[in-house]
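Participant: Below is a structure I'd like to ask you about.
The values are calculated or read from the model by the stated rules, or taken from the named source; none is laboratory data. Just so you know, these numbers come straight off a predicted model, no measurement behind them. Positions of Cβ are generated from backbone atoms using ideal geometry, with glycine treated the same way; all protein chains shown enter the neighbour counts.
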Amino acid sequence: MTRQELRVALGGGRGGVWLFCGCGRPQDACAALLRLLRLHPLVDHHDEFRAWLPDQGVQMLMLGLLDARELNEHGGSIDFAWLTEAGEALRDALAREEGDDFRTLCESACIHGYTHDEDHDCMAACRAEDAEHGPTTTEEDA
């Protein structure tokens, strides 16, 4: 997974999974997500997971989000989930960005994952996506 693909995955556009808008401190969210992914398989890290997130409701929420986005899977109990290939790819991509505390990853970028100083025609890309998948907004949104 490239930095561009990771930005798209975290950004919540087409194909995005986390809906990080970029305001506040997205670096902290990236660090927390990486920590959560590194705790898989949970059978090997269950005590550490529970110590980090002692509220069982928050545990279920976070694991459910991973499951809904097909980043982990489980047998009889989500408490003992493991990562899917997509979860492993996300973990590995985030780990590569960890060196500068995710600052480069979280630079201002368009919905396609490009920083604004790169040679990328965002509007042309949006028109092409709309032609392929339909518009991303409805008349009510406009």
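Participant: Using the structure shown, decide if GLY75 is surrounded by fewer than 17 Cβ atoms within 10 Å (Cβ to Cβ) and not in a helix (DSSP H, G or I).
Facilitator: When the stated conditions are applied, GLY75 passes them.
Participant: In the range 7-42, which residues are under 19 Å from ALA86 (Cα atoms), at pLDDT 85 or above and either outside any helix (DSSP H, G or I) or touching an Asp or Glu at 6+ places or on another chain (Cβ under 9 Å) (or both)?
Facilitator: If the condition is that a residue be under 19 Å from ALA86 (Cα atoms), at pLDDT 85 or above and either outside any helix (DSSP H, G or I) or touching an Asp or Glu at 6+ places or on another chain (Cβ under 9 Å) (or both), then CYS30, ALA31, LEU34, LEU37, LEU39, HIS40, PRO41, LEU42 are the ones that fit.
Participant: Do we find a residue being surrounded by 13 or more Cβ atoms within 10 Å (Cβ to Cβ) and under 15 Å from ALA9 (Cβ atoms) anywhere in the range 54-67?
Facilitator: yes
Participant: Got at least one residue in the range 54-68 being among the charged types (D, E, K, R), modelled with pLDDT of 90 or more and closer than 23 Å to LEU6 by Cβ?
Facilitator: yes
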